[in-house]
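Trainee: Provided herewith is a single structure, encoded as structure tokens, for subsequent inquiry.
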Amino acid sequence: MTDAPRVSRDPAAGALAGLRVVDASTLFAGPMAAMHLGDLGADVVKVEHPTKPDPSRTHGAAKDGVNLWWKTLGRNKRTVTANLGSDGGREVFLALVADADVVVENFRPGTLERWDLGYDELSTRNPRLVLARVSGFGQVGPYRTRPGFGTLAEAMSGFAAMTGEPDGPPTLPPFGLADGVASLATAFAVMVALSTRERTGHGQVVDTAIIEPILAMLGPQITRWDQLRTVQPRTGNRSANNAPRNTYRTRDGQWVAVSTSAQSIAERVLRLVGRPELVDEPWFASGVERAQHADLLDEAVGGWIAQRTRAEVVAAFEEAQAAVAPIYDAQDIVDDPQFRALGTIHEIEDPELGPMLMQGPLFRMSENDGVIRFTGRAHGADTDAVLGELGFSPERVAELRAEGAI
């Protein structure tokens, strides 16, 4: 445990040390899946077009002209350039694949095949290869060739329909939620395919449609429709399954979130705020029935919270063993003692901007813990070094560069 941000150092051997991952994807779901694997020690080689780098390099905030999102998304990845639609770029890609365990790609379905780089070709060169294909709508079906982004998945999965205020429009998240969920699913699927390879001796294709993993996270909406022909309505910050559950403003203008998914917690909250008589109501024993009395419960809890500062509210809830959390922004997260104790925030030395904080790997391990070895590198920074490792002579590298293949 420490009161300072964790500093990631190059480990002797990460949990996935020795695993070679070729990241030929762009934007978020595919690159984030490769990032998760890189955090655990995989050697990730990021392949980008020579003149059209990953668009994530220009997304979001920048400092002194240096993009900050890429520093996180591109961490632990060596970067090379190759135009896969050219003969020379295809030569480079096949050389990378021959020595790889995993390829992550998110071109529109059929694009790799058009370049003669489909799985039939790649597996001929490397039968043990796992090809993770990430696309908006999957590799089959009538929508397979449509442009696919996380926003579309958030819309089509049912997420937007159930998010927002009851009298307001469907609401989209202000970040890449569907892409992030798809990245976790893809990384998990890759590890399952690698485990299977240990038994079968050969690789396989992983097909992640971004519309599906977020759908899996949204609870029993499909079963509910099938059995009851009803859909979950928009309830704002409230829950259709329990109450009180909402965000509440404190006396000092801050916000807290309260959850009462467990019956015992709901009882503690109402006793804490001075309304024990509500606990004795017959409807209070059911989460669904409590949700039907959300106005009354919100008035009781919200009125009590509004008379106290955020610190006073959190302290009182903690003493009562009731569930509350302050609503944080990034500054709060960096300063919070629990995140510090977990080592959630890592401090990395960036060659362009100096010491830099970012969120670390998803979890901790007692052995071979995940680390951030370096931040996102410049476009094509490792092309010569990686191609040299693959046996390309300096002369051949120069020829490929002159052709525009790298």
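The values are calculated or read from the model by the stated rules, or taken from the named source; none is laboratory data. Only a predicted model underlies this, so the values are computations on that prediction, with no experimental measurement involved. Heads up, the Cβs are rebuilt from the backbone with ideal geometry, glycines too, and the neighbour counts pull from every protein chain shown. Areas reflect the complete protein model, heavy atoms only, side chains present, ligands, DNA and RNA absent. Shrake-Rupley method; radii C 1.70, N 1.55, O 1.52, S 1.80 Å.
Trainee: With the contact rule set at Cα under 8 Å and sequence spacing of 6 or more, what percent relative contact order holds for the chain?
Mentor: With pairs under 8 Å counted, the relative contact order is 23 percent.
Trainee: Which whole-number percent gives the relative contact order of segment 222-367, counting Cα pairs below 8 Å spaced six or more residues apart?
Mentor: 22
Trainee: To continue, here is another question. Identify which of Thr58, Thr223, Thr208 has the largest mean-square fluctuation in a Gaussian network model of the chain, with springs joining Cα atoms closer than 10 Å.
Mentor: Among Thr58, Thr223, Thr208, the largest GNM mean-square fluctuation belongs to Thr223.
Trainee: Please list 179-189, 104-114 highest first by mean number of surrounding beta-carbon atoms within 10 Å per residue.
Mentor: Packing order, densest peptide first, comes out as 179-189, 104-114.
Trainee: Which whole-Hz ³J(HN,Hα) couplings does segment 68-75 yield from phi under the Karplus relation 6.51 cos²θ - 1.76 cosθ + 1.60, θ = phi - 60°, glycine and proline marked x?
Mentor: 8, 4, 5, 4, 7, 5, x, 5
Trainee: Nearest 5 is fine: what % of DSSP beta bridges in the chain come out antiparallel, could you say?
Mentor: In the chain, DSSP labels about 40 percent of beta bridges as antiparallel.
Trainee: Taking the chain as a Gaussian network, Cα atoms linked when under 10 Å apart, which of Glu277, Glu389, Glu352 shows the biggest mean-square fluctuation?
Mentor: In this elastic network of the chain, the residue with the biggest mean-square fluctuation among Glu277, Glu389, Glu352 is Glu277.
Trainee: Now, a different point. Would segment 245-331 count as rounded, prolate or oblate if I go by the C-alpha gyration tensor, calling it rounded below 1.5 in a/c and otherwise prolate when a/b exceeds b/c, oblate otherwise?
Mentor: prolate
Trainee: Taking segment 92-173, how much of its Cα-Cα pair set, in percent, is spaced more than 21 angstrom apart?
Mentor: Tail of P(r) above 21 Å: 45 percent of Cα pairs.
Trainee: Ok, one more. Rounded to two decimal places and with Rh computed the Kirkwood way over Cα pairs, what is Rg over Rh for segment 157-241?
Mentor: A ratio of 1.12.
Trainee: Under the 0.36 nm per residue contour assumption, what length would be gained going from the current alpha-carbon distance of Leu172 and Glu352 to full extension?
Mentor: Details: separation 180, 0.36 × 180 = 64.80 nm, distance 3.40 nm.
So the extension gain works out to 61.4 nm.
Trainee: Let me ask another. Enumerate the amide H contacts of Val130 below 5 Å, restricted to partners 5 or more residues apart or on another chain; note that Pro and chain-start residues carry no placed amide H.
Mentor: Distant-sequence amide H within range of Val130: Val102, Val103, Gln204.
Trainee: Determine ³J(HN,Hα), in whole Hz, for all residues of segment 95-108 in sequence, where each value follows from phi through the Karplus function 6.51 cos²θ - 1.76 cosθ + 1.60 and θ = phi - 60°; x replaces Gly and Pro.
Mentor: Rounded to whole hertz, the list is 5, 5, 5, 4, 10, 9, 9, 9, 10, 10, 9, 9, 5, 4.
Trainee: If I model a spin label as a point 7 Å beyond the Cα along the Cα-Cβ vector, how far apart are those points for Trp225 and Asp120 in nm?
Mentor: Each label point lies 7 Å from its Cα, and together they span 3.6 nm.
Trainee: Between (1) 83, 51, 42; (2) 66, 43, 42; (3) 174, 37, 35, which matches Cα extents along the principal axes in Å calculated for the structure shown?
Mentor: (1)
Trainee: Also, I was wondering about something else. Could you run the Karplus curve 6.51 cos²θ - 1.76 cosθ + 1.60 with θ = phi - 60° over segment 204-218 and give me ³J(HN,Hα) per residue in whole Hz, x for Gly and Pro?
Mentor: 6, 9, 9, 10, 9, 9, 4, 5, 8, x, 5, 4, 5, 7, 8
Trainee: Using a probe radius of 1.4 Å on heavy atoms only, what accessible surface per residue do you get for the chain? Whole Å² is fine.
Mentor: Here the residues of the chain average 50 Å² of exposed surface.
Trainee: So who's got an amide H within less than 5 Å of the one on Ile210, skipping anything under 5 residues away but keeping other chains? H placed 1.01 Å off N, in plane.
Mentor: Result for Ile210 returns Ser135, Gly136, Phe137, Gly138.
Trainee: A further question follows. Please get the size of the charge dipole for segment 1-138, origin at its Cα centre, with Cβ charges of +1 on Lys and Arg and -1 on Asp and Glu, quoted in debye to the nearest 20. Display every interim value, and only then the final one.
Mentor: Values: 17 positive and 17 negative charges, 75 e Å.
The dipole magnitude comes to about 360 debye.
Trainee: Compute the Kirkwood hydrodynamic radius of segment 294-360, taking the inverse of the mean of 1/r over all pairs of distinct Cα atoms, and give it in Å to one decimal.
Mentor: 14.7
Trainee: Show the residues, 5+ positions off or on another chain, whose built amide H is closer than 5 Å to the amide H of Thr79.
Mentor: Under 5 Å from the amide H of Thr79: Lys46, Ala381, Asp382.
Trainee: If you look at just the Cα atoms of segment 313-403, how large are its Rg and its Dmax in Å?
Mentor: Every Cα atom of segment 313-403 included, Rg and Dmax give 22.1, 72 Å.
Trainee: Report in % the part of the accessible area of segment 261-330 that belongs to carbon and sulfur, leaving out ligands and nucleic acids; probe 1.4 Å.
Mentor: Answer for segment 261-330 is 49 percent, counting heavy atoms of protein chains only.
Trainee: Something else about it: Pick out, in residue order, every one of the chymotrypsin sites (Phe, Trp or Tyr not before Pro) in segment 208-301 that is DSSP loop and has at most 13 other C-beta atoms within 10 Å; say none if there are none.
Mentor: Working: sites: Trp225, Tyr248, Trp255, Trp283, Phe284; in loops: none.
Taking segment 208-301 and a limit of 13 other Cβ atoms within 10 Å, no loop chymotrypsin sites (Phe, Trp or Tyr not before Pro) are found.
Trainee: Related question: Please give the contour-minus-distance gain from Gln307 to Asp295: 0.36 nm per residue of separation, less the Cα-Cα distance, rounded to one decimal in nm.
Mentor: Taking 0.36 nm per residue and subtracting the Cα distance, the gain is 2.5 nm.
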